[in-house]
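A.B. asks: Pasting in a structure now, in structure tokens, and then I'll have a few things to ask.
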Amino acid sequence: MPNIGEPVCYFETGMIIGILRELTPKEVFAEKIRCWASGYSFCHFNVEIKD
């Protein structure tokens, strides 16, 4: 993926949230921290499950 200077994986973020919401009754938050499209060699997500 070319470096366009901003994250683009909104679909993957939504998939992570959706899967975790199905597995737990708790509230789930996820955000993309690092992305291939921002020049990184990997994608990194921050996921938080609230009690």
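The values are calculated or read from the model by the stated rules, or taken from the named source; none is laboratory data. None of the values given here were measured: they were computed from a predicted structure. Cβ placement follows ideal geometry from the backbone for every residue including glycine, while neighbour counts extend to all protein chains displayed. Heads up: the accessible areas ignore ligands, DNA and RNA and are worked out on the full protein's heavy atoms, side chains in. Shrake-Rupley method; radii C 1.70, N 1.55, O 1.52, S 1.80 Å.
A.B. asks: Suppose R0 equals 22 Å. What FRET efficiency, 1/(1 + (r/R0)^6) with r the Cβ-Cβ distance, do Lys50 and Ile19 give to the nearest 0.05?
C.D. replies: Efficiency, rounded to the nearest 0.05: 0.85.
A.B. asks: Moving on to the next point. Which value, in debye to the nearest 20, gives the size of the charge dipole of the chain about its Cα centre, when Lys and Arg are +1 and Asp and Glu are -1 at the Cβ?
C.D. replies: Charge dipole, the chain, about its Cα centre: 60 debye, nearest 20.
A.B. asks: Tell me the mean residue ellipticity at 222 nm calculated for the chain from its helices only (DSSP H runs of n ≥ 4, each -39500 (n - 2.57), averaged over every residue, nearest 500).
C.D. replies: Only helices count here, giving -9000 deg cm²/dmol.
A.B. asks: Roughly to the nearest percent, how much of the accessible area of the chain is carbon and sulfur, given a 1.4 Å probe?
C.D. replies: Values: 2230 of 3910 Å².
Percent of accessible area from carbon and sulfur atoms in the chain: 57.
A.B. asks: Using a 1.4 Å probe, what is the accessible area per residue for the chain, in Å²?
C.D. replies: 77
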